[in-house]
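Here's the structure, in structure tokens; my notes come after.
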């Protein structure tokens, strides 16, 4: 195990194809777990984190604090409910499941249709299959945004619409146009609609940028979306999968959850049990970083992404970057570089074979210069 640990640690700063911050800074947290005895204690949060009169060992109060922190930054106000999820896919599962149940409650005689861009995270289409929902894949534009004209053509006005909106597509990290999507929905005559935002990476930093327009992208107050899911193990820098799901509290009224007597009520969450330690770790991250710390990290990460993009272009490497994105994509390089930097690769019908790098908090100019040097062949 020691040799495996050494090998993993030696390569951690070269994991560039996926959005993980490699400077997680949890040494003090783990020492605290040992010192307090929690390292040898089992902590499980069950069902609704806002429940009362629950005797089993839990960290519900810290889970609520984390949810309230992000709900505020996502513009939900008092009309909010949420849960610390097991990751981005689990957050999307809650969004699509809650959306389906909400639409069924409003239009009981017509099944809803899930609409999602081909460039959205693959979990969206997989979850549509798991939830047994008709799923319509909408084409994407060259930059990776949902093709809203194609959405308008494919939208069935006779059935409720559940729209999975990508705020940062998986590969090109494009932001779907919420205003254009809303315009189509409102003019289509659909009997009801529900909008879920997948903000896996972007949701960690957009709320902390100085740019008011950027913050508005993930504001439920301004945009009117119904639920949102952000990953905890991406920009928020947890070192294992977790996430935050937030929705409007009124959505819970449409769930009609089955009462579970031995758990003293209903369980609105999909999974019964969740890690009580995820709540502690995320709360630790929020308190140790603070809003000013998140702002500095967000500004630094975007600055490094802009620097990487600019240096690649200056070195003669054809590269692209979408607005507010920390992802830089370019022509697929030789396999040795793909493996060295653990790049993600994908074929694009517009641009051919591509690879990408996701700039995170640990990037600095020295690391960028090494990458640019390799990609430019110097």
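Side notes on the structure shown:
- Given (1) modelled with pLDDT under 95; (2) buried (at least 20 other Cβ atoms within 10 Å of the Cβ); (3) within 19 Å of the chain's Cα centre (by Cα), number of the condition residue 294 does not satisfy: (1)
- So residue 271, is it loosely packed, with under 15 Cβ neighbours inside 10 Å, in contact (Cβ under 8 Å) with a residue 60 or more places away in the chain, assigned by TED's automatic domain parsing to the domain that holds residue 207 and closer than 24 Å to residue 233 by Cβ: yes
- Of the residues examined, residue 307 is one that is over 19 Å from the mean Cα position of the chain (by Cα), modelled with pLDDT of 95 or more, part of a helix (DSSP H, G or I) and surrounded by fewer than 21 Cβ atoms within 10 Å (Cβ to Cβ).
- Where strands (runs of 3 or more DSSP E) sit wholly within the stretch 127-212, those with at least 1 residues that are closer than 29 Å to residue 72 by Cα occupy 161-166, 193-198.
- Boolean, residue 312 is farther than 30 Å from residue 41 by Cα, assigned by TED's automatic domain parsing to the domain that holds residue 59 and touching a strand residue (DSSP E or B) at 6+ places or on another chain (Cβ under 9 Å): no
- Any hit, the stretch 5-26, residues being more than 30 Å from residue 328 (Cα to Cα), out of contact with any strand residue (DSSP E or B) (no Cβ under 9 Å at 6 or more places or on another chain), free of Cβ contacts under 8 Å to residues at least 60 places away in the same chain and surrounded by fewer than 12 Cβ atoms within 10 Å (Cβ to Cβ): no
- Exclusive hit being at pLDDT below 95 and under 17 Å from residue 282 (Cβ atoms), set 30, 50: 50
The values are calculated or read from the model by the stated rules, or taken from the named source; none is laboratory data. Computed from a predicted structure; not experimentally measured. Every residue, glycine among them, receives a Cβ derived from its backbone with ideal geometry; neighbour counts consider all protein chains shown.
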